[in-house]
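A short write-up of the structure that comes next.
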Amino acid sequence: MDTPSPTFDNLDPQKQRRVLDESLREFAERGYQQASINRIVGRLDIAKGSLFQYFGSKEGLFRHLFRRAVDEIKAPLRAIRDADSAEAFPQRLKRVFAASAAFAKAHPFLWGIYRRMLTQEDFPLRATLLSEVRAEALTFFRELIELGQQQGSVRADLDPATAAFVIEATLDRALSAQDSPVLDAGLGLSSDPPTRQARLDALAETLCQGFSAPEAK
């Protein structure tokens with residue numbers, strides 16, 4: 001059950017938020033296998049049957065949390081993609097990197113669940129949900145590149161699918177590096193906010209410029 005029952009939809013919004021927040025916390029801190037519905041309902045002080053009535057099962061609850069998270073991050077990114085068509089691709093890409101980094105920082109439990117899924121091969125639903133996320137991200141970046149090609153701010157001979165893969169991989173590593181000095185490797189993404197933003201901008205700029213030297217005239 002990816003969609004909660006009408007019973008959950010009819011709850012007071014504040015109570016809905018608390019149910020989701022406590023569930024996110026449990027999955028982020030314990031992983032899927034060790035997450036306990038008993039601990040969740042204990043913190044919420046509700047009957048265990050209520051949570052199953054809302055989402056059907058532990059898997060239903062997790063699926064809803066994950067899909068909700070994907071929808072939340074897609075909204076600001078789509079706004080950037082659909083903004084003023086005159087905005088050049090490099091500036092648009094910098095804003096995408098900044099919005100993605102801000103989302104990961106503002107939603108540590110969501111980001112914690114995602115990172116657990118990346119590293120734990122026995123995480124249930126891992127292949128299905130990560131494939132969906134990757135497909136969504138690659139489609140988004142491909143469309144962003146194609147828009148840049150149409151406006152002339154991206155090379156016309158660039159393969160959108162290949163470029164989208166490189167951008168998505170770079171951003172994924174950058175977001176993970178925000179909370180891991182080891183993954184950061186001294187670049188500065190795990191540093192203070194101004195430094196982190198400067199490094200994100202530099203990554204986006206490097207991707208836009210490429211690595212080849214300009215041809216001599």
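The values are calculated or read from the model by the stated rules, or taken from the named source; none is laboratory data. Values in this document were obtained by computation on a predicted structure and should not be read as measured data. Cβ placement follows ideal geometry from the backbone for every residue including glycine, while neighbour counts extend to all protein chains displayed. Just so you know, the surface numbers come from the protein's heavy atoms only, side chains and all, with ligands and any DNA or RNA stripped out. Shrake-Rupley method; radii C 1.70, N 1.55, O 1.52, S 1.80 Å.
Contact map, region 89-115: residues that are more than 17 Å from A75 (Cα to Cα) and in contact (Cβ under 8 Å) with a residue 24 or more places away in the chain paired with residues that are of a type in the set (S, T, N, Q) and assigned to a helix (DSSP H, G or I), Cβ distance under 8 Å, separation 6+ or inter-chain. Pairs shown: F89/Q151; R115/S176. Which condition breaks for Q120 when tested against (1) within 17 Å of K94 (Cβ to Cβ); (2) in contact with a Gly (Cβ under 9 Å, 6 or more places away or on another chain)? Result: Q120 passes all but (1).
So which pairs qualify, if the first residue must be in region 17-30 and over 15 Å from S50 (Cα atoms), the second must be open to solvent by 20 Å² or more (accessible area, probe 1.4 Å) and not in a helix (DSSP H, G or I), the Cβ gap must be under 6 Å, and the two must be at least 6 apart or on different chains? Cβ pairs passing all conditions: none. Residue by residue through region 184-215, note down the ones that are of a type in the set (S, T, Y), surrounded by 14 or more Cβ atoms within 10 Å (Cβ to Cβ) and without any contact (Cβ under 8 Å) to a residue 12 or more places away in the chain. S191, the sole residue that qualifies. In region 142-156, the residues that are farther than 11 Å from R92 by Cβ reach residues that are part of a helix (DSSP H, G or I) and polar (S, T, N, Q) with C-beta atoms within less than 7 angstrom, at least six apart or across chains, in these pairs: A156/Q149.
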